[in-house]
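Below is one structure; the comments refer to it alone.
The values are calculated or read from the model by the stated rules, or taken from the named source; none is laboratory data. These numbers come from a predicted model, not from an experiment. Here the Cβ positions follow ideal geometry from the backbone for every residue, glycine too, while neighbour counts run over all protein chains shown.
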């Protein structure tokens, strides 16, 4: 599970200010944030060493892609790697909307995903999701302002998304139009381990597992391995 909060085209200093936690098993090999080359396109981001994709990255051209998965019970066998989607967008010259529309034909071949596609120079951002399953791909232009993306639709009112939205807004109000102290913001917002009220959880999977995943920063032991959040921040252009 993952969660991201961002402010888009609504701050005098930052066209995009984005914070994201990636929740993953600790034994899954991952490369830290660095520049890497993909077919001649320089990309800055972390990289999953199992499937080769990424969950958050940007290019030198000011394009940004952010990915979260969708919480669901059933998995798609032999699915394409969701982590390839940000890379494909960053390599592409298509606008965010054009790229999202291009996904219509094969979106069903991926497990559930939420995808943010942004081109900072053109001030264009699009949200795309292939869930609910069986429906046409959900594509929408993202309006300027504060948004939160978790494991449901963009700005869905799930407990931890609402909690992060409130905290993020308070921090932005604290700094006003001045430079944001990112380290402080990350520590106060993205390391929040407070869990939600069980009665407010969506009931998609086992209650105890949903409860363990209900904090902004997830840290829990499974029978096999530790499951924990890792956080990343991006500000301004790459």
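If I filter segment 186-205 down to residues being in contact with a strand residue (DSSP E or B) (Cβ under 7 Å, 6 or more places away or on another chain) and part of a helix (DSSP H, G or I), which single residue comes out as surrounded by the fewest Cβ atoms within 10 Å (Cβ to Cβ)?
Pass one, segment 186-205, residues in contact with a strand residue (DSSP E or B) (Cβ under 7 Å, 6 or more places away or on another chain): 186, 189-190, 193.
With the extra rule that they be part of a helix (DSSP H, G or I), the set shrinks to 186, 189-190.
On the way: 186: 15, 189: 21, 190: 23.
Checked segment 186-205; the qualifying residue surrounded by the fewest Cβ atoms within 10 Å (Cβ to Cβ) is 186.
Give me the pairs, please: first residue somewhere in segment 134-145 and without any contact (Cβ under 8 Å) to a residue 24 or more places away in the chain, second residue anywhere and surrounded by 16 or more Cβ atoms within 10 Å (Cβ to Cβ), beta-carbon distance under 6 Å, and either six or more positions apart or on two chains.
Correct list of pairs: 138/129; 140/127.
Scan segment 81-107 residue by residue and report those that are surrounded by fewer than 16 Cβ atoms within 10 Å (Cβ to Cβ), in contact with a strand residue (DSSP E or B) (Cβ under 9 Å, 6 or more places away or on another chain), modelled with pLDDT under 95 and within 18 Å of residue 136 (Cα to Cα).
104, 106
Please specify each residue of segment 110-123 satisfying the condition of being in contact with a strand residue (DSSP E or B) (Cβ under 7 Å, 6 or more places away or on another chain) and part of a loop (DSSP other than H, G, I, E, B). Spell out how you get there, then give the answer.
At the first step, the residues of segment 110-123 found to be in contact with a strand residue (DSSP E or B) (Cβ under 7 Å, 6 or more places away or on another chain) are 110-120.
Answer for segment 110-123, where residues must be in contact with a strand residue (DSSP E or B) (Cβ under 7 Å, 6 or more places away or on another chain) and part of a loop (DSSP other than H, G, I, E, B): 111, 112, 120.
Within the set of pairs 6+ apart or on separate chains, which have a first residue in segment 6-27 that is on the phi > 0 side of the Ramachandran plot and modelled with pLDDT of 95 or more, a second that is part of a loop (DSSP other than H, G, I, E, B) and surrounded by fewer than 22 Cβ atoms within 10 Å (Cβ to Cβ), and C-beta atoms under 7 Å apart?
Every condition considered, the pairs that remain are 9/15; 9/123; 9/144.
Out of (1) out of contact with any strand residue (DSSP E or B) (no Cβ under 6 Å at 6 or more places or on another chain); (2) farther than 25 Å from residue 138 by Cβ; (3) not in a helix (DSSP H, G or I), what's the single condition that is false for residue 220?
Every listed condition holds for residue 220 apart from (1).
Counting only residues that are part of a loop (DSSP other than H, G, I, E, B), touching a strand residue (DSSP E or B) at 6+ places or on another chain (Cβ under 9 Å) and at negative phi, how many does segment 124-156 have?
Start the filter on segment 124-156 by keeping residues that are part of a loop (DSSP other than H, G, I, E, B), which leaves 130-137, 142-144, 150-156.
Next, from what is left, pick out any that are touching a strand residue (DSSP E or B) at 6+ places or on another chain (Cβ under 9 Å): 130-132, 137, 142-144, 150-156.
Filter once more, so that each one left must be at negative phi: 130-132, 137, 142-144, 150-154, 156.
Result for segment 124-156: 13.
Every residue in segment 48-102 that is over 18 Å from residue 126 (Cβ atoms), touching a helix residue (DSSP H, G or I) at 6+ places or on another chain (Cβ under 9 Å) and outside any loop (DSSP other than H, G, I, E, B), please.
Matches in segment 48-102: 80 only.
Take the residues of segment 35-49 that are in contact with a strand residue (DSSP E or B) (Cβ under 7 Å, 6 or more places away or on another chain) and surrounded by fewer than 14 Cβ atoms within 10 Å (Cβ to Cβ): which is farthest from residue 91 (Cα to Cα)? Steps first, please.
At the first step, the residues of segment 35-49 found to be in contact with a strand residue (DSSP E or B) (Cβ under 7 Å, 6 or more places away or on another chain) are 35-36, 41-49.
Filter again for surrounded by fewer than 14 Cβ atoms within 10 Å (Cβ to Cβ), leaving 35, 49.
Values: 35: 14, 49: 19 Å.
Residue satisfying both the conditions and the ranking: 49.
I need the full set of residues from segment 157-184 which are assigned to a helix (DSSP H, G or I) and out of contact with any strand residue (DSSP E or B) (no Cβ under 7 Å at 6 or more places or on another chain), in order please. Quick ask: steps written out before the conclusion?
As a first pass, look at segment 157-184 and keep what is assigned to a helix (DSSP H, G or I): 159-175, 182-184.
Hits for segment 157-184 are 159, 162, 163, 166, 167, 170, 171, 173, 174, 175, 183, 184.
What number of residues within segment 29-45 are in a loop (DSSP other than H, G, I, E, B) and either under 16 Å from residue 65 (Cβ atoms) or at pLDDT 95 or above (or both)?
Just the residues of segment 29-45 that are in a loop (DSSP other than H, G, I, E, B), to begin with: 29, 39-40.
If we keep only those that are either under 16 Å from residue 65 (Cβ atoms) or at pLDDT 95 or above (or both) too, we end up with 39.
The qualifying residues number 1.
For residue 146, work out the one condition from (1) within 18 Å of residue 202 (Cβ to Cβ); (2) surrounded by 15 or more Cβ atoms within 10 Å (Cβ to Cβ) it doesn't fulfil.
Looking at each condition in turn, residue 146 falls short on (1).
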